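Take a look at the structure below.
The values are calculated or read from the model by the stated rules, or taken from the named source; none is laboratory data. Note that the structure is predicted; figures quoted are calculated from it, not measured. FYI the Cβ positions are ideal-geometry reconstructions off the backbone, even for glycines, and counts take in every protein chain you see. Side chains are part of the model used for accessible areas, which takes the heavy atoms of the whole protein and leaves out ligands, DNA and RNA. Shrake-Rupley method; radii C 1.70, N 1.55, O 1.52, S 1.80 Å.
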Amino acid sequence: MNVRNAEEGEIDQLARIWYDAWRDAHEQIVPAELTRLRTLETFSDRLQATLPNVRVIGNSGEPVGFCITKDSELYQLFVSREARGSGAAAILVADAEARLSEQGVETAWLACAIGNERAARFYEKCGWRRVGNMVDRLETSNGEFLLEVWRYEKHLSQYASPKAGE
């Protein structure tokens, strides 16, 4: 499975993956107001806005998952139902960690919805450590939505390339 940059023509497919996977993971554990604000259209708009930061796994025109990084954050990670358990998510995480490290990030972080035990187990299996709770400022069509989440961190020094002169 290869990881590559997302193509503009894949936005609709990626938005569908995001919408379906987000609902599977979050619909029962986040406030109903947030669920109402998370529509297929809003996921599509968000993908369009951040397309240069979107990496996908799957053949061209047939993505099965994606990951978005933002500053020092592993911002979004979702795979289709069909790709769960295939190793696709772990490959996307490794790609994101390498990209963050290449950008000079020493400690990466991610937010995980409180109660999303499946995701929490996965992140811990990938070497991420829950460091506590935080209030995340989520982007919505109605402005910012504040949500308490679990914060995970991972030290990325093992991915860093040696600095000049070392």
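A few points about this structure:
- Pairs where the first residue, in the stretch 83-101, is among the small types (Gly, Ala, Ser) and open to solvent by 30 Å² or more (accessible area, probe 1.4 Å) and the second is at pLDDT below 95 and assigned to a helix (DSSP H, G or I), C-beta under 7 Å, 6+ apart: Ala98/Tyr159
- Verdict on Glu124 being open to solvent by 50 Å² or more (accessible area, probe 1.4 Å), part of a strand (DSSP E or B) and among the acidic types (Asp, Glu): no
- The set of residues in the stretch 13-33 being crowded, with 16+ Cβ neighbours inside 10 Å and either under 30 Å from Val135 (Cβ atoms) or not polar (S, T, N, Q) (or both) consists of Leu14, Ala15, Ile17, Trp18, Tyr19, Ala21, Trp22, Ala25, His26, Val30.
- Residue check, Ala98 of a type in the set (A, V, I, L, M, F, W, C) and more than 23 Å from Ile29 (Cβ to Cβ): yes
- Residue pairs meeting the criteria (Cβ under 7 Å; at least 6 apart or on separate chains; first open to solvent by less than 70 Å² (accessible area, probe 1.4 Å), in the stretch 1-12; second in a helix (DSSP H, G or I) and acidic (Asp, Glu)): Val3/Asp95
- Test set (1) farther than 24 Å from Glu117 by Cβ; (2) touching a strand residue (DSSP E or B) at 6+ places or on another chain (Cβ under 7 Å) - Val79 fails condition number: (1)
- Any chance Ser60 is more than 14 Å from the chain's Cα centre (by Cα) and either surrounded by fewer than 17 Cβ atoms within 10 Å (Cβ to Cβ) or of a type in the set (Ser, Thr, Tyr) (or both): yes
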